Amino acid sequence: MRQLLRSIYFFLPVQLFLLHFRRYQLLLVFWVVLTAILTGNFAAHFGAQSLFLAPEYLGHMNAASMFLLGCGFCVFVMMWHITTFIIHSKRIPAMGAIRYAFPVYCLNNSIIPVAFLLFYAVRVAIWQPAEEHITPGGIVLNLAGFFAGYIIILIVSFAYFFRVSRDFFKESFSRITAPVAHTMKKTLRYDPMDRDTGTLAAGSYISLKLKLHLIDDVEEHDERMMSKVLRRHHRNVVFATFIAYMILLVMGVYVDFAPLRIPAGSSFLLLFSIILGLVGAFKYFLRSWEALGWILFTAILSLMVNFKVFDLRSIAWGLDYHKEIEQVYHYRTLRSLFSPFRYNADKKREEGRLQKWKGRLQPDSSRKPPLVIVTCSGGGSRSAYWTFRVLQYADSLSGGNLFKHTVMITGASGGMIGATYWRNIHNAADMGCIPYPWADSFQQNIGKDLLNPIVFSFASVDMISPFNKITIRGQQYAPDRGLAFEKELVRISGGLLDEPIGAFKEREAAGIIPQLIINATIINDGRKLMMCNQGITYLTQPEYSLGQSAPPIDAVDYCAFFPEQDAYDLRLTSALRMNATFPYILPVVRLPSHPRMNIMDAGLRDNFGIQVAARYLHVMRDWITRNTSEAIFLEIRDTRENDVTTNVDQSSLANMITDPLFVLQNKWEAFQSYGYNYVKDFAPAYVNNKMTFVTLQYIPREFTRTAALNFHLTRREKEDIYSSVNHPYNEAEIKKLVKLLQDNSNKTGGN
């Protein structure tokens, strides 16, 4: 038994497996991240699991999408093999004397990849039926597609990449890289640290014929000759990295050509492959100077950003960024722009808009209609799908009365995407462009995937070719994942969101359609950015401060601030993107001010839209009290009001250490939600208590299986959200809303 255990321990696959944990543990991070994603312990809220367990290609999850994911995974595995081969092959001197050294190394280095493949297959078999309702036969077909893609790339890799003498391109590339390597080695003189004496104590290995061979049986070769053979293999990592980079570069250039948009998980694996390749290339060329090389590489990137060679931030499409005169973003500017005179002028103009709305709804001036203000919470596609479901369902039950009585819509993130889509559908129906605003196809559209184009663009454009430019109005801009997100919004909405915000100005001003106030957060100083077609400076500061010399201006009226930058030409999708710019998922947007405004998600300031709605009610309180029968505050939430977040018990050391550090991040939504209860206490007093709150909440069937907060919904999540309107609580609230709209519409006169 002792001899058996000894032979197992000194078996090359086992020795390589242990070596990865002893040396260069950084490379294991990739496997840890992938494993954590599949188990739902990393980026689950962003929908990372679905990218790998249910990849989409051309809008569908099937064997073809799994095939492309398998191809991407094999590229990643091969890059991991050749990177570790560069780093560790010198620890196996006999490897240079083995014919087809690299394929033999891959075979013996496959414990981790094979274990991961088996784990992946199990996760797919568990996840796809539960989340996508895939049948057993469909799962077998999908896994067959995945492994077919993996095997094909494996065969291609061994046939073309590693039989160097038969590969013209590889030989050409070797001639290019050899002088570079020679120059570096001449410049970076021999360092004793370059020699690592940690020879691997392996006694046996598996040959390509799957037979056991002893290392001692390998014919001895001259050390210099073996070193030359190994160096020849080392250059493969540079070539393979170059190929992976070119694949992503081509896909990024032709990002609008749908067949080239491979599943996001696959493109992400290619990006991982390039990072691995860079690690191998740095190790090969720089040797013990590697750490200094990474520092220099980072410094060069920083200098390029400082000198505006490229910018990690995005732009708001439609705005003019090339005006010679830019608005100065400073308190003095805000104080002069948002003056008491303008405050009162915009307030009077809004009262006129409300009067037109009332006149269209009730020509008889003695009749007082109910007025509806809609607020919707942030929450990615979950909130967009839920908000649209609620509005369409309640509106259909009320015979269209909900849309007619709604004067203003505000909120954050995904909720505003769903609400804006609902408004634009009704607008198109009123103009005769579509026949029926309550068709179920619109609900299906808003539930389509938005995450895949974001991640694909991140991997193939943002990280690979930040220098790529597109020309609009004679000016050059860098396309990025923000633009990809907007294009996908246009596509799934059937073009109904493909308008500048100014396209709706006249119909809003006439009271025909609800006014949208799309919010975002200015991260320079924490102020709110409010994008609206109408003048809303009356929402930029508290009313009590109008007479003060230095009022606390806590928000910016976007159109009033950027009149010279063609503010009304801003694309509606760009406004919605700024409103939904979750950190790192979408890029920070810079606006053409001096200094630049940097814009992020509205949820940082107000994830429920309560602040804006409450201030609007307060400012318009006199008009609402005199001219309406009831103010209906329709709050649409993608979380439960009484239980916003999960209760975490500090029962582990990790929780005790991390919870105080991340409490603000993890509980921010709960803090806002509970705080707004105080605001809602005061709001009815604004309108002489002629106010009713209607709160509709996404209530999952199982609280522990709520839909994830991301831009992708599984089939199970869609069904769960869709059916949530039938929860007894929501049914009661919708009945109350419909009754208020019907009863109050018939009331006359009053105080």
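The values are calculated or read from the model by the stated rules, or taken from the named source; none is laboratory data. All values derive from a computational prediction rather than experimental measurement. Glycine gets a Cβ as well: all are built from the backbone with ideal geometry, and neighbour counts include every protein chain shown. Only protein heavy atoms, including side chains, enter the accessible area calculation; ligands, DNA and RNA are left aside. Shrake-Rupley method; radii C 1.70, N 1.55, O 1.52, S 1.80 Å.
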Accessible area (Å², per residue) of region 586-644, counting only protein heavy atoms and a probe of 1.4 Å: 26
Where TRP294, TRP357 fall by accessible area, highest first, once all protein chains stay in place (1.4 Å): TRP294, TRP357
Sequence ranges 678-689, 487-498, 121-132, ranked by mean other-Cβ count within 10 angstrom, highest first: 487-498, 121-132, 678-689
Accessible area (Å², per residue) of region 260-311, counting only protein heavy atoms and a probe of 1.4 Å: 47
Prolate/oblate/rounded call for region 345-407, Cα gyration tensor, a/c under 1.5 rounded: oblate
LEU27 versus ILE300: modelled label distance in nm, points set 7 Å from Cα along the beta carbon direction: 2.3
Largest-first ordering by accessible area, 1.4 Å probe, given options ARG91, ARG332, ARG621, ARG360: ARG332, ARG360, ARG621, ARG91
Solvent-accessible surface ranking, highest first, for GLU326, GLU702 at 1.4 angstrom: GLU702, GLU326
Portion, in percent, of the accessible area of region 309-428 that falls on carbon or sulfur, probe 1.4 Å: 53
Set LYS404/LYS448; LYS347/LYS404; LYS348/LYS690; LYS404/LYS667; LYS356/LYS680 screened for pairs whose C-alpha atoms are more than 31 Å apart: LYS404/LYS667
